[in-house]
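Notes follow once the structure below has been shown.
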Amino acid sequence: MSNNLEDEKSLIFALDIGTRSVVGLLGTMKEDKILIKHSTMEFHKERVMYDGQIHDIEGVSKIVQKVKDSLEDASGTKLEEVAVAAAGRSLKTHQLTIEKKIDPIKTIDKHLINSIEIEGLQNAQQIIEEQSEDTTEYFCVGHTVVNYYLNGSIITNPEGHRGETISIEIIATFLPQIVIESLHTVMRKVGLEINYMTLEPIAAIEVAVPKNVRLLNVALVDIGAGTSDIAITKEGSIVAYAMTSTAGDEITETISKNYLMDFDSAEALKCNLCKLENQNFTDILGMNYELRTEEILESIHPSIESVGKDIANSILEQNGKAPSAVFLIGGGSQIPGLTNVISNNLNLPNERVAVRGIETVQNVIHDNTVLTGPEGITPAGILTKAINNKLTDFLSITVNEQKVRLFQSKKLKVSDALVLIGFNPRDLIPKKGKALKIFINGKQKTIFGEYGQPAIVKVNGHSASLDTAIKNNDDIKIQPAEPGKSARCFVEEAVKNEFGFSVNGQFTDGIFNIKINGDEPTKEQILNDGDKIDYKQVITIEDLCNLKSISFNQYDIYKNGKLSEINETINNNDKIIITEKQEVFTRKDENNKVDYSKGYKEYINVTYNNQPLKIPLIKDNMLFVDIFNFVDFDRTKAQGRLVLKHNGKNASYTEALYDGDDIEVYWE
């Protein structure tokens, strides 16, 4: 006796609050199976529920109280906690695409993608709330990314790429907060505390779709009275929800019109269509009929076709294609011929669309229960989920001192919490400092600002990121990103390297007479946005002489190894050698006699790497090393072993250089 009492105290209480009835179950786990020990059902006396949402709290509370009292009497124990489910038909789904301009020189990272997703979900939530007829607030219970786009083209994963625009196409599902709040209110009125809450589609999947099947792309359809609720699974989780406004009542109304029956009688006849071959009924005029079920089904087939086609189209819209299989539950699923209509519209074999009843669920023992057929799936699912899951599917967390509730349809991350509190996702991405736009000789130049510091995320005081997993009662702190410093530039920095060349081995800016907005700048003047810088540029050898304040007649000026004329043009990065003019001289041999073969004026001719080269005579005793003043060879960056050849032999820097010598310089 004491063991039985102990068993009763360990029972889990599950409630399924439907549009027309409330089902209560008491059950437990026994040898890896769910054992339903007590069950009861009470029907609403008045219309207190609409499409699964509580409208009359007092009316629903009275029915729940009856269910609770009945189960307490049957079990001999006081019930204080309960598991419930929010109606799937209350879910609203919205699809949208959000596009953002991005920095083309910065690599796209996960942080940026997450922030755009958050902004998309917040936009979808705002649209859902604006479309609502009242001031109902919604929160996101799940979303799926349909496609990513980079510069307008589809891309599988934009992370690591660069571009100018990124777009994300999202399907997001939302639940009215009033649904959750009204459930809590009803339970408090009857002395119950909700210790577990889920969504009806998720509860139904728990028992209707075996775990080894959930990895497949499966659609579960709960066909009720006013709506048909759809949940789609893929890779073990629910990826989309949908709802159609056609369901069992549409078929009942067709029977009522075709055979002049009141709604309740037509509903009873509809329920018998799957049970009897012949039907006996009376119309509102008192006339009795006896018709074959097949004949009635033929007359109402257009309404069956309408319900099935709407369900199939909604599945295709949310899933993008036909799923691997479709499971039907709910009272409306038992209409003969409905499975064939759905399979035909999805181009699936008929056996891929099946009705799932409580009798088909092997891990649920339900002797002496009120549960029968496909109507028993959802209540059994709520009980099963409550027993199998110790934690609620709804988490309570704190974000920046604000308490929020999240639905745990998947492994939740920090980014999921930010959607609910309305955190501006743009505050997650550090803004680059303001750029500076100036004009140099009429040509626009942009000087970019610095990158800022990213947002700081902490969970329970520890450093985290948007991808950090969260759990019940976590405390999340988000410090917005800090913008970068605006661009700051001095005049000298702005014109540096605009135009220049080397003079005797030293780089020289080839610009002068600099003006800012028509005025001479100070030495350390900082530029402002829109400033106009104008300068004059060295164009010819004569301009260079004027800049250096030298006389062309007193100097020999060589450009890239060749003696220049006064009007010769100087180009960017030219190599200029300026030397004083020297007296004509001759070289003498060892007997102090003039050796005319070695004599020359102004320059000597050599062969450099098999090419003729004329170089100026810049001093009396020319050395091998002087060759580097006139050739483009960078010795500062080693690219192997440096080889020096002088007239075919290995050379040193200090060897004398003469007219007609053969020079080779290269990396080996």
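The values are calculated or read from the model by the stated rules, or taken from the named source; none is laboratory data. Since the model is a prediction, treat every value here as computed from it, not as a measurement. Note that each Cβ is placed from the backbone with ideal geometry, even for glycine, and that neighbours are counted across all protein chains shown. Protein only, heavy atoms only, side chains kept; ligands, DNA and RNA dropped before computing areas. Shrake-Rupley method; radii C 1.70, N 1.55, O 1.52, S 1.80 Å.
Work through the residues other than residue 253 whose Cβ is under 14 Å from its Cβ and net out their charges, Lys, Arg +1 and Asp, Glu -1. Let's see the in-between values first.
Values: positive: 257, 270; negative: 249, 250, 262, 264, 267.
For residues surrounding residue 253, the net value is -3.
Which net charge results for the neighbourhood of residue 278, defined as the other residues with beta-carbon distances under 10 angstrom from its beta-carbon, given Lys and Arg at +1 and Asp and Glu at -1?
-3
Give me the percent relative contact order of the chain, please, defined on Cα pairs under 8 angstrom at least 6 residues apart.
10
What order do 273, 35, 316 take when sorted by accessible area (1.4 Å probe), most exposed first?
316, 35, 273
Would you calculate, for the chain, the mean residue ellipticity at 222 nm contributed by helices, counting each DSSP H stretch of 4 or more residues as -39,500 (n - 2.57) and dividing by all residues, to the nearest 500?
Value at 222 nm, helices only: -7500 deg cm²/dmol.
Separation of segment 242-319 and segment 68-122 by C-alpha centroid, Å?
35
Order these peptides, 458-464, 359-365, by their mean beta-carbon neighbour count within 10 angstrom, highest first.
Working: 458-464: 13.0, 359-365: 15.6.
Top of the packing list down: 359-365, 458-464.
Please report, in debye to the nearest 20, how large the charge dipole of segment 101-209 is about its Cα centre when each Lys and Arg carries +1 at its beta carbon and each Asp and Glu carries -1 there.
300
From largest accessible area down, sort 249, 69; use a 1.4 Å probe on the protein chains.
69, 249
Apply the Karplus curve 6.51 cos²θ - 1.76 cosθ + 1.60, θ = phi - 60°, to the phi angles in segment 346-361 and return the couplings in whole Hz, x for Gly and Pro.
Karplus-based 3J(HN,Hα) across segment 346-361 equals 9, 6, 10, x, 4, 6, 7, 10, 9, 8, 10, x, 4, 5, 7, 8 Hz.
Please calculate the 1.4 Å probe accessible area of residue 658, with all protein chains present, and give it to the nearest 10 Å².
90
Sort 103, 519, 32 by heavy-atom solvent-accessible area, probe 1.4 angstrom, most to least.
32, 519, 103
Given H placed on each backbone N at 1.01 Å, which residues far from residue 240 in sequence or on other chains put an amide H within less than 5 Å of it?
232
For the Cα atoms of the chain, what angle does the longest principal axis make with the long axis of helix 57-75, in degrees from 0 to 90, nearest 10?
70
May I ask you to give the solvent-accessible area per residue for the chain, in square angstrom, as obtained with a 1.4 angstrom probe? Don't jump to the answer; show the numbers that get you there.
Numbers: 34670 Å² over 668 residues.
Accessible area per residue: 52 Å².
Full-extension gain between residue 427 and residue 264, please, as 0.36 nm times their residue separation minus the C-alpha to C-alpha distance.
The residue 427-residue 264 span can extend by a further 53.0 nm.
Can you give the angle from 0 to 90° between the axis of helix 301-319 and the longest principal axis of the chain, with both taken from C-alpha atoms, to the nearest 10?
30
Between (i) 186; (ii) 275; (iii) 196, which matches volume of the Cα convex hull per residue in Å³ calculated for the structure shown?
Answer label, from the structure shown: (ii).
When the accessible area of the chain is computed with all protein chains present and a 1.4 Å probe, what percentage of it is carbon and sulfur?
Details: 15710 of 34670 Å².
Carbon and sulfur atoms account for 45 percent of the accessible area of the chain.
What is segment 265-362's relative contact order, in percent, from Cα pairs under 8 angstrom and six or more apart in sequence?
Relative contact order here is 24 percent.
Determine the relative contact order of segment 181-299: mean sequence separation of Cα pairs under 8 Å and six or more apart, normalised by residue count, in whole percent.
So the answer I get is 13 percent.
Using +1 at the C-beta of Lys and Arg and -1 at the C-beta of Asp and Glu, which of 376, 226, 546 has the Cα lying farthest in the positive direction of the dipole of the chain?
546
For a quick check of understanding: with a 1.4 angstrom probe and all protein chains in place, what accessible area in square angstrom does residue 181 have, to the nearest ten?
Counting only protein heavy atoms, the figure is 100 Å².
On full extension of the chain, what length is gained from residue 101 through residue 629, given 0.36 nm per residue of separation minus the C-alpha to C-alpha distance? Intermediate values should be presented prior to the final figure.
On the way: separation 528, 0.36 × 528 = 190.08 nm, distance 4.99 nm.
So the chain would gain 185.1 nm between residue 101 and residue 629.
What's the FRET efficiency of residue 78 with residue 316 using the Cβ-Cβ distance as r and R₀ = 45 Å, to the nearest 0.05?
With a Förster radius of 45 Å, E is 0.35.
Can you list residues from other chains, or at least 5 along the same chain, whose modelled amide H is less than 5 Å from the amide H of residue 609?
Those qualifying (amide H under 5 Å, at least 5 residues apart or on another chain) are 663, 664, 665.
I'd like the accessible area for residue 119: 1.4 Å probe, protein heavy atoms, all chains in place, Å² to the nearest 10.
For residue 119, solvent-accessible area is about 20 Å².
Report the local net charge at residue 458: Lys and Arg +1, Asp and Glu -1, summed over other residues whose C-beta lies under 10 Å from its C-beta.
That sum, taken over residues with Cβ under 10 Å, equals 0.
Taking 0.36 nm per residue of separation and subtracting the Cα-Cα distance, what length does fully extending residue 145 through residue 534 add?
Values: separation 389, 0.36 × 389 = 140.04 nm, distance 5.20 nm.
Computed gain between residue 145 and residue 534 is 134.8 nm.
Taking the Cα atoms only, what angle lies between the long axis of helix 248-259 and the longest principal axis of the chain, rounded to 10 degrees?
Rounded to the nearest ten degrees, it is 50.
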